[in-house]
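Trainee: Got a structure here, written out as structure tokens. Questions coming.
The values are calculated or read from the model by the stated rules, or taken from the named source; none is laboratory data. Keep in mind it's a predicted model, so treat the numbers as computed, not measured. Note that each Cβ is placed from the backbone with ideal geometry, even for glycine, and that neighbours are counted across all protein chains shown.
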Amino acid sequence: MTIGFIGLGHMGEPMASNLLKAGYKVHVYDVAPEAVKTLVKKGAIAASSIAEMAEECDVIITSVQTGQQVKEICLSQDGIFSHAKPDLLYIDCSSIDVITASTLHAEAKNLRIAMLDAPVSGGVSGAQAGTLTFMVGGGDIDFARAGPFFQAMGKKIVHAGPGSHGQAAKICNNLLLGISMIGVCEAFTLAEKLGLDKKTFFEISAHASGQCWAMTSYCPVPGILENVPANKHYEPGFMAKMMLKDLRLGQHAADMVNASIPLGSLTAELYELYVNSGYGEKDFSGIINFIASKEHN
């Protein structure tokens, strides 16, 4: 079984590495040559083009940043869909909009390409540890076929429903994550100003009704949890500009179905201010410093 992997960034590189560790033959492609060299040193095979990869591989996985990038990778003249081997399984692990995902599923079906949209949660640390959560949209047979590949890269694999439902789940999840992180940041900022010790407040709230993942697994305050971006000068992790992208996807999805997300909209506004102030490459939890400084007022 030959796997192709396109997109070797913060998430894609460790995901592809875990496929190599699981014993798969992995072809890799990225616009950054150094990223390809890193994987080749680990045993991967460099593909000279996406078309070449599509002609060689039984499975192709993409992990890129935008829906437009995914469309170009799939639908361009030299893209995956034009050069796919018979019975190709295509898995997109990017976080993109529902409409693009639906469009690609429809085209894949027309071309008899098996497709799954399978965005992930767990961040860089989860990708490195092979403990990612996959939210998967697509057919039952294709989901079962992809199981071994997901298990090589992740710990929790959930079939969210038909095509594009993986993206829907990811959008809703990250909407909640962004809102939760703002709440945690505001609570710690207020607690500090009221004279509460940060560790004491964490011990209380982590075991009280304010408990949430953004606090107990990804605390934005330094010196409380190990191995979180707050203890590494807010190096990502999950970049703030990517959180903003996902929050905008949430807004677009809400507009599409006429849903009201007032807290999501406010959270997107805060992250837009944070990113536009020069912190887009920092971890999204670093917004606590922005909130505490009142720069957003």
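Trainee: Quick one: residue 66 ticks every box in (1) surrounded by fewer than 16 Cβ atoms within 10 Å (Cβ to Cβ); (2) within 18 Å of residue 145 (Cα to Cα); (3) in contact with a Lys or Arg (Cβ under 8 Å, 6 or more places away or on another chain) bar one, so which box is it?
Mentor: (2)
So that you can scan it fast, the table gives a plain yes or no per residue for (1) of a type in the set (Asp, Glu); (2) within 30 Å of residue 128 (Cβ to Cβ):
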site	(1), (2)
235	yes, yes
242	no, yes
248	no, yes
251	no, no
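Trainee: For residue 71, only one of the following conditions fails: (1) in contact with a helix residue (DSSP H, G or I) (Cβ under 8 Å, 6 or more places away or on another chain); (2) crowded, with 21+ Cβ neighbours inside 10 Å. What is its number?
Mentor: All conditions pass for residue 71, except number (2).
Trainee: Sticking with this structure for a sec: Would you mind finding the one in 118, 129, 106 that is touching a helix residue (DSSP H, G or I) at 6+ places or on another chain (Cβ under 6 Å) and at negative phi?
Mentor: 118
Trainee: Among 136, 64, which is without any contact (Cβ under 8 Å) to a residue 40 or more places away in the chain and in contact with a Gly (Cβ under 7 Å, 6 or more places away or on another chain)?
Mentor: 136
Residue by residue, here is whether (1) within 15 Å of the chain's Cα centre (by Cα); (2) in the same structural domain as residue 245 (by TED's automatic domain parsing); (3) within 27 Å of residue 228 (Cβ to Cβ) holds:
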residue	(1), (2), (3)
130	yes, no, yes
144	no, no, no
149	no, no, no
172	yes, yes, yes
183	no, yes, yes
190	no, yes, yes
197	no, yes, yes
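Trainee: Return the residues of the range 27-38 that are without any contact (Cβ under 8 Å) to a residue 24 or more places away in the chain and either more than 21 Å from the chain's Cα centre (by Cα) or under 18 Å from residue 57 (Cβ atoms) (or both); say none if nothing qualifies.
Mentor: 33, 34, 37
Trainee: What single numbered condition from (1) part of a helix (DSSP H, G or I); (2) closer than 19 Å to residue 126 by Cβ fails to hold for residue 187?
Mentor: Against the list (1) part of a helix (DSSP H, G or I); (2) closer than 19 Å to residue 126 by Cβ, residue 187 comes up short only on (2).
Trainee: Given the criterion out of contact with any Ser or Thr (no Cβ under 8 Å at 6 or more places or on another chain), charged (D, E, K, R) and modelled with pLDDT of 95 or more, identify the matching residue among 269, 235.
Mentor: 269
Trainee: Kindly list, by first and then second residue, each pair from a residue in the range 1-23 that is in contact (Cβ under 8 Å) with a residue 12 or more places away in the chain and hydroxyl-bearing (Ser, Thr, Tyr) to a residue that is in a loop (DSSP other than H, G, I, E, B) and buried (at least 16 other Cβ atoms within 10 Å of the Cβ), limited to pairs with Cβ atoms under 8 Å and residues at least 6 apart or on different chains.
Mentor: Close Cβ pairs (under 8 Å, with a partner that is in a loop (DSSP other than H, G, I, E, B) and buried (at least 16 other Cβ atoms within 10 Å of the Cβ)) amount to 2/24; 2/57.
Trainee: Please find, within the range 285-297, the residue that is farthest from residue 125 (Cα to Cα) out of those that are crowded, with 17+ Cβ neighbours inside 10 Å and not hydrophobic (A, V, I, L, M, F, W, C).
Mentor: 289
Residue-wise test of (1) of a type in the set (Phe, Trp, Tyr); (2) crowded, with 23+ Cβ neighbours inside 10 Å; (3) more than 20 Å from residue 7 (Cβ to Cβ).
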position: 93; (1), (2), (3): no, yes, no
position: 100; (1), (2), (3): no, no, no
position: 107; (1), (2), (3): no, no, no
position: 111; (1), (2), (3): no, no, yes
position: 117; (1), (2), (3): no, yes, no
position: 125; (1), (2), (3): no, no, no
position: 128; (1), (2), (3): no, no, no
position: 133; (1), (2), (3): no, no, no
position: 139; (1), (2), (3): no, no, yes
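Trainee: Being part of a helix (DSSP H, G or I) and either surrounded by fewer than 17 Cβ atoms within 10 Å (Cβ to Cβ) or not charged (D, E, K, R) (or both) narrows it down to one residue among 157, 171; which is it?
Mentor: None of the others qualify; the one that does is 171.
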